[in-house]
Amino acid sequence: MYKEIAEYTNTHHVKLVAVSKTKPVADIQILYDAGQRIFGENKVQEMVEKYQSLPKDIQWHLIGHLQKNKVKYIAPFVSMIHSVDSAELLDTIYKEAAKNETKINILLQFHIAKEETKFGLAIEETTNLLDKLDPRYANHVSFCGVMGMASFTSDENIIRNEFRALKTIFQTIKNKYFSADPSFCEISMGMSSDYKIAIEEGSTMVRIGSAIFGHRP
Ligand SMILES: *Cc1c(COP(=O)(O)O)cnc(C)c1O
């Protein structure tokens, strides 16, 4: 399935994050050899171990909920954090990036699904956060866009509306805070079951696991 998906995303000018969580490094190496460079993980320790044993030009994306006390382990090498869902986490990322004399790419994660369990910001929370943003953050944090997960449902209309809502949130924030910043350009939405809908609704980055690697245990 990898070839078809890579071709599909490529044709649509959408970045493909191959979600390799739970999968062994051998599986990742096969995709690497086929040309894939962006891999997504949701657990810090697993990502660190894989980073250490795989080629150094892999771009590692942290896609799952991130605890503040674990940011330090990934700050030296992480390519993008998709799951920034609080002002406190953002502040920790800033501090750890400063310590490492680096700049970390982040996405603001929004709660767009009906489910209670999914992490993410609300729009008001975000405007509060961005209104009061310390200008020093710009030295070590690059705001690259937004991320969201649709509801787990077979109802395509619900999924489509949630993706549409995320696109609207992206536009609102872009216009208000990042209109002159070309880095703020990504809408990370779409997984194995809904990436084609997400791309129709304006996704620039899809996160696909099981459709590439097979089902997870
Ligand atoms: C696991 C995961 C994915 C990939 O899910 P699949 O359905 O296997 O494609 C995408 N995004 C996040 C945040 C995930 O945790």
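The values are calculated or read from the model by the stated rules, or taken from the named source; none is laboratory data. Bear in mind that the values here come from a model prediction, so they are computed numbers and not experimental data. Reconstructed Cβ throughout: ideal geometry from the backbone, glycine too, with neighbour counts over all protein chains shown.
A few comments on the model shown:
- Which listed residue is surrounded by 15 or more Cβ atoms within 10 Å (Cβ to Cβ) and in contact (Cβ under 8 Å) with a residue 60 or more places away in the chain, from Leu166, Leu108: Leu108
Residue by residue, here is whether (1) more than 14 Å from Tyr137 (Cβ to Cβ); (2) away from the ligand (no atom under 16 Å from the Cβ); (3) in contact with a strand residue (DSSP E or B) (Cβ under 8 Å, 6 or more places away or on another chain); (4) modelled with pLDDT under 95 holds:
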residue: Pro76; (1), (2), (3), (4): yes, yes, no, no
residue: Ser79; (1), (2), (3), (4): yes, no, yes, no
residue: Ile93; (1), (2), (3), (4): no, yes, yes, no
residue: Asn100; (1), (2), (3), (4): yes, yes, no, no
residue: Gln109; (1), (2), (3), (4): yes, no, yes, no
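- Count of the range 6-47 residues, restricted to those that are assigned to a helix (DSSP H, G or I), touching a residue at least 60 places away in the same chain (Cβ under 8 Å) and either crowded, with 18+ Cβ neighbours inside 10 Å or touching a Cys at 6+ places or on another chain (Cβ under 6 Å) (or both), is 2.
- Sole exception among (1) in contact with an Asp or Glu (Cβ under 6 Å, 6 or more places away or on another chain); (2) surrounded by 16 or more Cβ atoms within 10 Å (Cβ to Cβ) for Phe119, by number: (2)
- Filter result (under 17 Å from the mean Cα position of the chain (by Cα) and acidic (Asp, Glu)) within the range 128-153: none
- Where Ala165 falls short, out of the listed (1) away from the ligand (no atom under 12 Å from the Cβ); (2) under 22 Å from Ile38 (Cβ atoms); (3) part of a helix (DSSP H, G or I); (4) small (Gly, Ala, Ser): (2)
Conditions tested, residue by residue: (1) in a loop (DSSP other than H, G, I, E, B); (2) under 15 Å from the mean Cα position of the chain (by Cα); (3) closer than 20 Å to Glu88 by Cβ; (4) away from the ligand (no atom under 15 Å from the Cβ).
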{"position": "Glu115", "(1), (2), (3), (4)": "yes, no, no, no"}
{"position": "Thr126", "(1), (2), (3), (4)": "no, no, yes, yes"}
{"position": "Asn161", "(1), (2), (3), (4)": "no, no, no, yes"}
{"position": "Gln171", "(1), (2), (3), (4)": "no, no, no, yes"}
{"position": "Lys176", "(1), (2), (3), (4)": "no, no, no, yes"}
{"position": "Ala180", "(1), (2), (3), (4)": "yes, no, no, yes"}
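- Selection from the range 201-216 of residues that are away from the ligand (no atom under 12 Å from the Cβ) and loosely packed, with under 14 Cβ neighbours inside 10 Å: none
- Complete set of residues in the range 55-73 that are out of contact with any helix residue (DSSP H, G or I) (no Cβ under 6 Å at 6 or more places or on another chain) and in a helix (DSSP H, G or I): Asn69
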